[in-house]
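Take a look at the structure set out below.
What follows draws every value from the coordinates through simple rules; no lab data is involved. Everything numeric here is computed off the predicted structure, so don't read it as measured data. Counting neighbours? That spans all protein chains shown, and the Cβs are built from the backbone with ideal geometry, glycine included.
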Amino acid sequence: MELGFPASGRISGFRLARLLGEWRRRGARQGSADLAAAIRMLILDGRLPAGTRLPAEREMADALPVSRTMITAALDQLRAEGLVASRRGAGTWVSLPTGHLGIAPDTPLVGHSMVDFARAAPPAIPSTLAAFDAVRLRMPERLADHGYYEHGLPDLRQRIAARYEARGLPTSPEQILVTSGAQHALALVLRLLTGPGDRVLVEQPSYPNALDAIKAVSAIPVPVAMTETGWDLPGIAAALRQAAPRMAYLVVDFHNPTAHRMGAAERAELVELARRARTPLVVDETVVELDLDGDPLDGPPPVASFGEDLVITLGSASKSHWGGLRIGWIRATPEVVHRLVAGRTALDLGSAVLDQMVLAELLADPEPALAARRAQLADQRDVLMAGLREHCPRWRFRRPSGGLSVWCELDAPVSTRVAVVAQNHGIRLVPGSRFGAHGGFERWLRLPYVLPAEVLRDAVRRLGLVAATVSGTGVEGDAEVDVPVA
């Protein structure tokens, strides 16, 4: 759809002011630049979707409160960047930019000045291209049929099931439903288990896109705070009793964003708590293969080992192999899989055959490529942590044993301010508030280590300048940074 007019509703001045938070940082002279930077962050972070109509300038000025001159100047800057558009009689709305700071949104950022710390997604494993070549030779046999596989290709379902078997969880292909990524898998499960107004238990913090999916079906996330060491099982028990959620969504292997991992005894207790409350557990295993200190096959048993009838498991190739494949899966009982397939036809009729064939090829002998992936991520994790110790010594973090990111505790509640200032140093960050069911986490930042070591070193050096600027121990411009700034 071409955005010639606003299409996603209107945001009030009061709501915009709440989303912006403490946006001002450099005094009245720089106010318009600060405001533009803060609104830019909301747009790039997805909290102001394309098509959202912005408040009138007078309403915005009253809500913030600032002068209309400042509002006009900030919007002029955003128009020049293509982030907002205006038309007489229709007002101003969020637009779809063709690029940002001279870099197109989908351009790979390695080799460019803008470093993307917003996505915890590594590039494709090297064997992906060879898998495409191998699959190309077998395509003629597939082209002769209809191409619709609501359950997924039989070969791929068999190999996914075999991976569960290798982890000690007996699984048949009939228990596997192939989806177009883990987010699609979660959407299917939410449609099956929940309705408008139903409650869904989640961790606090949690994966932002999962929270968005829950809200998209008009369900209500019920957050249970994580502790410094992991999950608060008594808190989960209390929430199950008091809120009576229709389902629980949890990431127990290298939790996103804290990177905690739940032990076997805790998994058994979790399933018992859910059984007493008759609450299905939806367990996201997207990063289970990324055990950087050990072998995933020797890790804690899958949660489904403790409750076959109560646990629905989500998986994905996006982090272990490549997000561009857009292949995920659901493991559940055959009855639940049948119900999911029956409901799926309202959304789609199956995932891309070519992508499924490529993943099946990669899973024919998965260990060599996965071992290389884990070794590279472990090296990049260590580079990121060393850089943080050197350039951001006042930030605290624990060493993740797996996953894709470090969860950093800042020295003050300034996560959003850091994300805004970081743009001027060529770094895209997601504020900690995005990981909370209802905001918060202004003392926290998630920093992925999915980029090459040399990019990480430079990015953390820049991040040190940002930290100094925001904390007041330095001023922006103390060091020269070769970044194109809008």
Counting Lys and Arg as +1 and Asp and Glu as -1, each charge on the Cβ, what is the dipole of region 128-364 about the Cα centre in debye, to the nearest 20?
-> 680
Provide the percentage of antiparallel DSSP beta bridges, counting only those with both residues in region 166-281; round to the nearest 5.
-> 10
Per DSSP H run of n ≥ 4, the term is -39500 (n - 2.57); total these for the chain, divide by its residue number, and report the mean residue ellipticity at 222 nm rounded to 500 deg cm²/dmol.
-> -12500 deg cm²/dmol
Antiparallel DSSP beta bridges within the chain, percent to nearest 5 = 55
Whole-Hz ³J(HN,Hα) from phi, Karplus 6.51 cos²θ - 1.76 cosθ + 1.60, for region 68-78, glycine and proline x | 5, 4, 5, 4, 4, 5, 5, 5, 4, 5, 5
Cut-off under 5 Å, modelled amide H: who pairs with ARG10 long-range = ARG53
Additional length obtainable on full extension of the chain from THR227 to TYR148, 0.36 nm per residue less Cα span = 23.9 nm
Would you mind checking the tilt of helix 453-471 against the longest principal axis of the Cα atoms of the chain, expressed as 0 to 90 degrees and rounded to 10?
-> 50
If Lys and Arg each add +1 and Asp and Glu each add -1, what is the summed charge of the other residues whose beta carbon sits under 11 Å from the beta carbon of LEU410?
-> +1
In degrees from 0 to 90, rounded to the nearest 10, what is the angle of the helix 367-391 Cα long axis to the longest principal axis of the chain?
-> 30
Taking only Cα atoms, what is the 0 to 90° angle, nearest 10, from helix 31-44's long axis to the longest principal axis of the chain?
-> 10
